1. For the subset of the stretch 14-30 comprising residues that are surrounded by fewer than 21 Cβ atoms within 10 Å (Cβ to Cβ) and modelled with pLDDT of 90 or more, which member is farthest from F113 (Cα to Cα)?
2. For the stretch 33-74, give me the residue count where each residue is buried (at least 17 other Cβ atoms within 10 Å of the Cβ) and either within 13 Å of the chain's Cα centre (by Cα) or not in a loop (DSSP other than H, G, I, E, B) (or both).
3. Does S180 qualify as being outside the structural domain of L47 (by TED's automatic domain parsing) and over 22 Å from the mean Cα position of the chain (by Cα)?
4. Could you check L140 against (1) assigned by TED's automatic domain parsing to the domain that holds Q32; (2) among the hydrophobic types (A, V, I, L, M, F, W, C); (3) assigned to a helix (DSSP H, G or I) and say which number it fails?
5. Restricting to the stretch 117-147, count the residues that are modelled with pLDDT under 95 and surrounded by fewer than 18 Cβ atoms within 10 Å (Cβ to Cβ).
6. Could you please find all residues in the stretch 169-228 being surrounded by 13 or more Cβ atoms within 10 Å (Cβ to Cβ), at pLDDT below 90, in a loop (DSSP other than H, G, I, E, B) and of a type outside the set (D, E, K, R)?
7. Could you please find all residues in the stretch 92-116 being surrounded by fewer than 18 Cβ atoms within 10 Å (Cβ to Cβ) and either touching a Gly at 6+ places or on another chain (Cβ under 9 Å) or part of a loop (DSSP other than H, G, I, E, B) (or both)?
8. Between residues in the stretch 39-61 that are β-branched (V, I, T) and residues that are surrounded by 23 or more Cβ atoms within 10 Å (Cβ to Cβ) and assigned to a strand (DSSP E or B), which pairs lie under 7 Å by C-beta distance while being six or more apart or on different chains?
Amino acid sequence: MKQIALDIGLAPGPTLTNFFAGPNQATLQHLQLWVSNDKRSPVPTYLWGVGGSGKTHLLRAAQASLREQGCAVGWMDASVAEPSGFDESWRVVILDDVHLFTAVQQQAAFNWFVNATTPSDGQQRWVLAAGSVPPSDLVLREDLRTRLGWGHIFQLQVLSEPERRAVLRQQADERGVFLSDEVMDFMLHRFSRDLSSLIQLLDQLDGYALQTQRAITIPLLKAMLETL
């Protein structure tokens with residue numbers, strides 16, 4: 001499988017609306033209520049599932065929705081090498097890929113969690129987190145691991161191939177482009193089956209088709225790959 005660098009400048013940001021739930025409908029409904037209700041449950045929410053199941057999409061979508069409401073959000077994922085201290089202006093703390101957290105990140109995450117759930121100023125705050133395994137299987141410091149497993153826990157399932165096809169078809173229709181079954185077969189069988197990667201590939205392909213003024217075909221996709 002060839003690894004390609006994708007220009008995702010054309011990609012729409014993750015939203016709860018453009019998340020294709022499939023078997024994860026209960027998780028999506030929980031987050032839709034969670035972001036829209038300032039009286040949301042005080043216990044944390046933890047999502048888990050293998051790569052490509054949609055965890056980061058949902059967390060980024062929740063972050064975007066909360067920010068649109070004027071809600072300050074603290075975000076930490078495994079790429080944040082030097083996490084900041086807790087900011088009391090935050091109303092929500094979001095922790096992504098917690099299974100990859102270093103000792104430094106675990107310390108920061110624990111500090112954020114404690115400050116969010118036991119605020120000294122009496123202001124209610126909330127925690128949303130995600131990892132690749134259930135809380136009981138996380139290889140983290142015990143005080144953080146148990147707190148992540150304290151509240152609502154949802155397992156995300158990877159979409160089936162027919163469901164991934166449906167999402168790609170929907171995404172292509174929204175862009176006003178025709179995606180043939182042959183091109184879709186090529187994309188699904190030659191590249192990562194992770195849905196976010198496939199959508200990024202579609203964005204790249206759409207942009208290349210516009211640039212070259214050609215229809216989206218397998219030869220066009222191969223030509224695009226040769227330019228990368």
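The values are calculated or read from the model by the stated rules, or taken from the named source; none is laboratory data. Only a predicted model underlies this, so the values are computations on that prediction, with no experimental measurement involved. Cβ coordinates were reconstructed from backbone atoms using ideal geometry, including for glycine residues, and neighbour counts include every protein chain displayed.
1. So the residue we want is P23.
2. Adding up the residues that qualify gives 23.
3. Working: outside the structural domain of L47 (by TED's automatic domain parsing): yes; over 22 Å from the mean Cα position of the chain (by Cα): yes.
Against the criterion (outside the structural domain of L47 (by TED's automatic domain parsing) and over 22 Å from the mean Cα position of the chain (by Cα)), S180 qualifies.
4. It is condition (3) that L140 fails.
5. 7
6. Scanning the stretch 169-228 gives V177, F191, S192.
7. Matches in the stretch 92-116: H99, L100, T102, N111.
8. T45/L128
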